[in-house]
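Engineer: Take this structure, written in structure tokens, and hold onto it; I'll ask about it next.
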Amino acid sequence: MYSPRLLEHFEHPRNAGEIQKPDASVRVENPACGDVLELNLQVQDGWISDIRFRAKGCVPAMACGSAVTELAKGKTIEEARALGATDVVEAVGGLPQASSHASQLAIDALKAALEQIGKAQSGSGR
């Protein structure tokens, strides 16, 4: 059974879609179940100013994609790096054990996008 918050994120996803000119854009797939999460974001002065997702997969994967965008938006890059799968689980009001992969997929996508930002920033100073 899914929590009311998880169902709310699934039925009314936050920050769904794409950013036209993102600073980072990633696609992460869980090969075991086939869930896919695309995440793109814009950073302004070290803060995540916009973040969007697109998901294909189970209800928890879509809900966790929505939740991770809410958790990261408006945070500094360092604050966003500190987020973990447990933060996503809490944001959706819990996950069944069999669906715990969904929170990890969301965090993996966020970390990959932040890594892309880090590489771009370190390369720009040369």
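Engineer: Does residue 84 count as buried (at least 17 other Cβ atoms within 10 Å of the Cβ), under 23 Å from residue 8 (Cα atoms) and in contact with a helix residue (DSSP H, G or I) (Cβ under 8 Å, 6 or more places away or on another chain)?
Structural biologist: No; evaluated as a whole, the condition is false for this residue.
Engineer: Looking at the range 60-70, can you tell me whether even one residue there is surrounded by 15 or more Cβ atoms within 10 Å (Cβ to Cβ), modelled with pLDDT of 95 or more and part of a loop (DSSP other than H, G, I, E, B)?
Structural biologist: No, because not a single residue in the range 60-70 is surrounded by 15 or more Cβ atoms within 10 Å (Cβ to Cβ), modelled with pLDDT of 95 or more and part of a loop (DSSP other than H, G, I, E, B).
Engineer: For the range 19-51, how many residues are closer than 17 Å to residue 74 by Cα and part of a loop (DSSP other than H, G, I, E, B)?
Structural biologist: Here the count works out to 5.
Engineer: Just to be sure before I move on: is residue 32 in contact with a Phe, Trp or Tyr (Cβ under 8 Å, 6 or more places away or on another chain), surrounded by fewer than 18 Cβ atoms within 10 Å (Cβ to Cβ) and over 19 Å from residue 118 (Cβ atoms) in the structure I sent?
Structural biologist: No; evaluated as a whole, the condition is false for this residue.
Engineer: Which of the residues belonging to the range 65-87 are farther than 16 Å from residue 112 by Cα and either hydrophobic (A, V, I, L, M, F, W, C) or under 9 Å from the mean Cα position of the chain (by Cα) (or both)?
Structural biologist: 66, 67, 70 - these are the residues of the range 65-87 that are farther than 16 Å from residue 112 by Cα and either hydrophobic (A, V, I, L, M, F, W, C) or under 9 Å from the mean Cα position of the chain (by Cα) (or both).
One line per residue, one yes/no per condition, for (1) closer than 19 Å to residue 99 by Cβ; (2) of a type in the set (Ser, Thr, Tyr); (3) touching an Asp or Glu at 6+ places or on another chain (Cβ under 8 Å):
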| site | (1), (2), (3) |
| --- | --- |
| 21 | no, no, no |
| 29 | yes, no, yes |
| 32 | yes, no, no |
| 47 | no, no, no |
| 64 | yes, no, no |
| 71 | yes, no, yes |
| 76 | no, yes, no |
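Engineer: Follow-up. Go through the range 74-126 and give me each residue that's outside any helix (DSSP H, G or I), in contact (Cβ under 8 Å) with a residue 12 or more places away in the chain and out of contact with any Phe, Trp or Tyr (no Cβ under 9 Å at 6 or more places or on another chain).
Structural biologist: 83, 84, 100
Engineer: Please specify each residue of the range 104-126 satisfying the condition of being small (Gly, Ala, Ser) and either surrounded by fewer than 20 Cβ atoms within 10 Å (Cβ to Cβ) or modelled with pLDDT under 95 (or both).
Structural biologist: Listed by number, the residues that qualify are 112, 118, 120, 122, 123, 124, 125.
Engineer: Residue by residue through the range 9-18, note down the ones that are part of a loop (DSSP other than H, G, I, E, B) and either among the polar types (S, T, N, Q) or touching a helix residue (DSSP H, G or I) at 6+ places or on another chain (Cβ under 9 Å) (or both).
Structural biologist: Within the range 9-18, the first condition is being part of a loop (DSSP other than H, G, I, E, B), and the residues that meet it are 12-15, 17-18.
12, 13, 14, 15, listed by residue number.
The values are calculated or read from the model by the stated rules, or taken from the named source; none is laboratory data. If you're wondering where the values come from, they're calculated on a predicted model, not measured in any experiment. Virtual Cβ from ideal backbone geometry, glycine too; neighbours counted across all protein chains shown.
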